[in-house]
Structures are given as C-alpha cells and as structure tokens.
Amino acid sequence: MKLYGSLVSPYVARAVFAARLKGLSLEAQTPPGGGIKSPEFLALNPLGKMPALEDAGRVVPESMVILDFLEDAHPQPALLPAKPMDRAQARLLGRIVDLYIMNQLGVFFRNMNPASRNDTDIEAAKAALHKSIGQLEHFMGDGRYAVGEELGYGDVAIFPCLMMTQSVVANFGITDLYAGHKRLTRWWQQMQADPRTAAFVTEYQAAITAFLSRR
C-alpha cells in the first residue's frame, strides 16, 4: 500500500494514525509528479486532493473512506466498535468534524496575518466553531475515549483534525477549545496521556508547528 500526501494534513494524518494502531507500515509519501495537482497524481485521483491510498493498482481517495478500507482489509485489531449504534456514533463524530468544524479553518487561515485580519469574519468563524464544538460534545461518548472505553475509529477520525484546529485558533485567542465541555475535555486529556498515541502526538504536533511557522 502507498499513501500519498503530506502528514501535516489532518486527513492524511488520520490514515497514518489508523495504520499505526493496526500495526501496519503506512507512511505519507510525496504524490507522483511531486504534488496533488500534477498530471501524474490527477491520473490516479482526479479529485486532486490528499490523501489517496493506492493498493494493488487501485486507488481510494477521501480519508474517511480510507479508514473504512483499512478496517475492512485489516480487521484486526478492530478500530470500529462491535455494536452497530456505536459504529454509527464513531463515524458520525468524524462527519461532524469534517463538515462543521474543519469548515471554519479556512477563515482562520486566510486571516493569520494580524495586519490584514478581517475581525468581522473572525468573530463569525469563532461563533460557528464554538457552536460546532458544542454539537460534537453532545455526540461524544461518556467513556475515556470518543466512543466507550477503547481507543478506536472515532478517536482516529477526530483527533488529528482537532489537533490542527486547536493549534490554529490559539493564534486568535482561543486557548481552551473545550472550555465548558466535560466530555471533550476528558477525552482530550486522555488522548494526550495514552502511551499508544504519544509518538503520534509528538510527530504530528511538530509537523503542525513547522507548517504554521511558514504562514
């Protein structure tokens, strides 16, 4: 298997994180042609986005679909819970992050320079982000992890995205993204402390920091 993209992308990081938890060797590599808009990469994935996973001559794009592929192709150890409703909840958390939380990051990225910052846009993005965080809190599980007591699919789906979000919005005065949200606060602390996530946290945070320092 080959995973095309840059680790700094939370969507690429999802796939890398999932693979590591499954004991697979799958690291992000430069797309054919040197970038996601190159003719070589577009021939594989005309969506022109990362990540894309190539296996046995076929290509799977979209990070959440890649997570499902890894779960189907390498079912042990399982990341998805056993119960259908728990599996739905795990997938729902990723969906909320993708559609409602990550959707706000573009506004923050476009306003990273304080000298040209549009305060009206930023305040609207902050309000939308806080609303979405509250919605995510509502659907989080009551256990130590996103869904129950086991590290799994839901954690993989949301953790890289929230790491990136937390790092970006810290530049706009949001130092505690989960203030007032008990489930998310407990989960965030658990993810930082879990020895199975420690290496990933260190590596991915370094990638985020280097990326933001260039903006």
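General observations
- The single condition among (1) outside any loop (DSSP other than H, G, I, E, B); (2) in contact with a helix residue (DSSP H, G or I) (Cβ under 7 Å, 6 or more places away or on another chain); (3) of a type in the set (A, V, I, L, M) that residue 146 does not meet is (1).
- Helices (runs of 4 or more DSSP H) wholly inside segment 1-115 that include at least 1 residues being within 20 Å of residue 197 (Cβ to Cβ) and hydrophobic (A, V, I, L, M, F, W, C): 10-21, 63-73, 84-96
Yes/no per residue for (1) surrounded by 14 or more Cβ atoms within 10 Å (Cβ to Cβ); (2) within 24 Å of residue 201 (Cα to Cα):
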residue: 2; (1), (2): yes, yes
residue: 10; (1), (2): yes, yes
residue: 13; (1), (2): yes, yes
residue: 37; (1), (2): no, no
residue: 47; (1), (2): no, no
residue: 57; (1), (2): no, no
residue: 76; (1), (2): no, yes
residue: 85; (1), (2): no, no
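- Contact map, segment 92-120: residues that are over 28 Å from residue 141 (Cβ atoms) and outside the structural domain of residue 141 (by TED's automatic domain parsing) paired with residues that are outside any helix (DSSP H, G or I) and modelled with pLDDT of 95 or more, Cβ distance under 9 Å, separation 6+ or inter-chain. No pairs are found.
- Pairs with Cβ under 7 Å, 6+ apart, first in segment 8-35 and in the same structural domain as residue 49 (by TED's automatic domain parsing), second assigned to a helix (DSSP H, G or I) and among the hydroxyl-bearing types (Ser, Thr, Tyr): 11/63; 13/204; 14/63; 15/63
- Any hit, segment 121-128, residues being surrounded by 19 or more Cβ atoms within 10 Å (Cβ to Cβ), in a helix (DSSP H, G or I), touching a residue at least 40 places away in the same chain (Cβ under 8 Å) and of a type in the set (A, V, I, L, M): no
- Members of segment 167-193 that are free of Cβ contacts under 8 Å to residues at least 12 places away in the same chain, under 18 Å from residue 112 (Cα atoms) and not in a helix (DSSP H, G or I): 173, 175
- Segment 194-207, subset in a helix (DSSP H, G or I) and not hydrophobic (A, V, I, L, M, F, W, C), residue surrounded by the fewest Cβ atoms within 10 Å (Cβ to Cβ): 202
The values are calculated or read from the model by the stated rules, or taken from the named source; none is laboratory data. As the structure is a prediction and not an experimental result, all values here were calculated from the model. Reconstructed Cβ throughout: ideal geometry from the backbone, glycine too, with neighbour counts over all protein chains shown.
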